[in-house]
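Structure, as structure tokens:
The values are calculated or read from the model by the stated rules, or taken from the named source; none is laboratory data. This structure is a prediction, so every number in the text was calculated from the model and none was measured. Positions of Cβ are backbone-derived with ideal geometry, glycine not excepted, and every protein chain shown enters the neighbour counts. Side chains are part of the model used for accessible areas, which takes the heavy atoms of the whole protein and leaves out ligands, DNA and RNA. Shrake-Rupley method; radii C 1.70, N 1.55, O 1.52, S 1.80 Å.
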Amino acid sequence: MVRTISVRDAERDFAAVLSGIEDAKETIVVDEVGKPVAVFLSPEEYRSVRRERAWSLIHQVQDRNADQDPDDVLREVTDIVEEVRQEQHDRARAAVAGGS
């Protein structure tokens with residue numbers, strides 16, 4: 001179920017809004033002068049949206065690489081994942097070194 005509330009109501013009744021999401025499993029759209037500015041989702045709905053988005057991205061990658069050799073694509077993806085992991089590791093080390 002989707003319910004729309006104003007920004008003013010969301011601010012005033014924030015605890016009730018959160019309770020409604022958790023208890024009733026409803027999605028709440030926060031609206032400001034007819035324009036949605038935020039959406040509250042239950043954790044289950046959020047996980048579902050994330051899962052759908054992940055599959056959508058996977059299908060996009062598959063479509064873009066349909067004419068490629070699967071082994072080449074796997075190597076490229078593996079290289080990119082390793083690069084991202086290294087960047088995260090380097091940032092974490094820099095943060096620890098900066099905080100010392």
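Structure notes:
- Extended-chain gain in nm, criterion 0.36 nm per residue less alpha-carbon gap, LEU18 and ASP67: 12.9 nm
- Helical content of the chain, expressed as a calculated mean residue ellipticity at 222 nm, amounts to -23000 deg cm²/dmol (DSSP H runs of 4 or more residues, -39,500 (n - 2.57) each, divided by residue number, nearest 500).
- Other residues within the sphere of radius under 14 Å centred on the Cβ of VAL2, judged by their own Cβ, net out at -1 (K and R +1, D and E -1).
- Carbon plus sulfur fraction of accessible area for the chain, probe 1.4 Å, in percent: 54
- Summed over the residues of the chain and divided among them, the accessible surface reaches 82 Å² per residue at a probe radius of 1.4 Å.
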